[in-house]
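Scroll down for the structure; my scribbles are underneath it.
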Amino acid sequence: MKSFDMKRFARTFRWTFQTELTGILSGTCGITFGFLVCVIAQLWPVLKSGGDITIVEKSGVISSCYIAYLVYLVIGGTYIMGSMKTSKSLLAFKMLPATDAEKFIVRFIFATAVWAVMGLVALCVGDVLRMLMCVLAGVGNAGSFIPDVLSSLFRSDGRPFGAILAYGEVNWSGTLLFYATLVWAHSAYMLGRILLRRHPFVLISCVMLLLWVLLFIAGICFDEAFDRVSMTAWMTAQWCFMAAALLLAVLNWWLSYRAFRRLQVINDKWINL
């Protein structure tokens with residue numbers, strides 16, 4: 001069997017999509033409901049009184065959707081296994097006439113591109129339902145929030161994470177470091193989902209939370225030291241950290257592939273002991 005064949009890869013992707021279609025539709029509906037509940041909770045006082053949505057309220061909703069979508073993308077790494085939660089479904093996937101590399105790439109696409117599209121569709125549908133509810137409640141200034149949410153993903157001055165320096169220039173190193181960290185976190189969720197058989201999302205989230213707490217404490221402890229570092233040195237360090245985060249992400253992807261190849265159907269473990 002060839003190491004990689006495009007036709008065989010396409011057939012594997014099509015089979016996987018058909019198998020996952022029900023889960024994709026139900027998952028998108030669930031995500032839509034989650035986004036809609038969060039937005040309605042923030043706009044409930046306006047919906048109840050029938051007034052206009054102010055700039056402050058709109059900015060709050062946009063920031064919440066932006067952050068929620070980023071978190072959603074990060075945890076998408078757990079979708080690497082999709083609906084393969086039983087030995088039967090895993091056996092069906094492992095028995096496909098394709099190489100392990102082709103199967104892993106298919107699952108990788110589902111955990112990244114397909115997962116991202118599901119979130120965007122959920123955001124758009126949820127926003128349409130939110131606008132409909134605003135119209136029925138007589139709320140003014142109820143236009144779509146989606147363009148502003150999407151612009152926050154690509155426009156530096158729309159990001160609520162300090163991408164703009166005090167003197168007005170864009171801190172691209174800090175911005176790219178932030179997104180590189182998200183890529184690394186996504187790869188960590190992916191690796192954890194393959195290695196851990198029980199409660200992978202909970203365990204990985206606990207580890208991530210612990211890491212963020214430690215980083216926050218370190219930031220407080222070394223706050224004065226950071227103030228004495230020049231801006232040039234600090235931005236250089238950010239570029240180095242960004243490169244390290246991307247290298248760690250590549251390492252996690254490689255380990256994920258290695259563990260994926262060693263998945264066992266009978267004993268439901270990733271390694272024979």
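The values are calculated or read from the model by the stated rules, or taken from the named source; none is laboratory data. Everything numeric here is computed off the predicted structure, so don't read it as measured data. Methodologically, a virtual Cβ is constructed for each residue, glycine included, from the backbone with ideal geometry; neighbour enumeration extends over all protein chains shown. Heads up: the accessible areas ignore ligands, DNA and RNA and are worked out on the full protein's heavy atoms, side chains in. Shrake-Rupley method; radii C 1.70, N 1.55, O 1.52, S 1.80 Å.
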Test result for VAL125, free of Cβ contacts under 8 Å to residues at least 12 places away in the same chain and within 21 Å of PHE33 (Cα to Cα): no
Counted residues, region 65-90 - those being within 23 Å of THR19 (Cβ to Cβ), open to solvent by 20 Å² or more (accessible area, probe 1.4 Å), in a helix (DSSP H, G or I) and among the β-branched types (Val, Ile, Thr): 2
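Would you check which residues across region 93-128 are closer than 15 Å to ARG261 by Cα and either among the small types (Gly, Ala, Ser) or open to solvent by 10 Å² or more (accessible area, probe 1.4 Å) (or both) and list them? Steps first, please.
Looking only at region 93-128, we keep the residues that are closer than 15 Å to ARG261 by Cα, and these are 93-108.
Selection gives LYS94, MET95, LEU96, PRO97, ALA98, THR99, ASP100, ALA101, PHE104, ILE105, PHE108.
Restricting to region 1-50, give me the number of residues that are among the basic types (Lys, Arg) and at pLDDT below 85. Full working, then the answer.
Our first condition is that a residue be among the basic types (Lys, Arg); within region 1-50, this holds for 2, 7-8, 11, 14, 48.
Those left that are additionally at pLDDT below 85: 2, 48.
Count: 2.
Output the helices (runs of 4 or more DSSP H) that fall wholly within region 159-273 and possess 1 or more residues being aliphatic (A, V, I, L, M), modelled with pLDDT of 80 or more and farther than 26 Å from ALA116 by Cα, or say none. Spell out the reasoning first.
Details: elements: 172-195, 200-221, 223-228, 231-261.
By residue number, 200-221, 231-261.
Would you call VAL37 open to solvent by 40 Å² or more (accessible area, probe 1.4 Å), out of contact with any strand residue (DSSP E or B) (no Cβ under 6 Å at 6 or more places or on another chain) and more than 27 Å from LYS103 (Cα to Cα)? Steps first, answer last, please.
Values: open to solvent by 40 Å² or more (accessible area, probe 1.4 Å): yes; out of contact with any strand residue (DSSP E or B) (no Cβ under 6 Å at 6 or more places or on another chain): yes; more than 27 Å from LYS103 (Cα to Cα): yes.
Considered against the rule, which asks whether it is open to solvent by 40 Å² or more (accessible area, probe 1.4 Å), out of contact with any strand residue (DSSP E or B) (no Cβ under 6 Å at 6 or more places or on another chain) and more than 27 Å from LYS103 (Cα to Cα), VAL37 comes out as yes.
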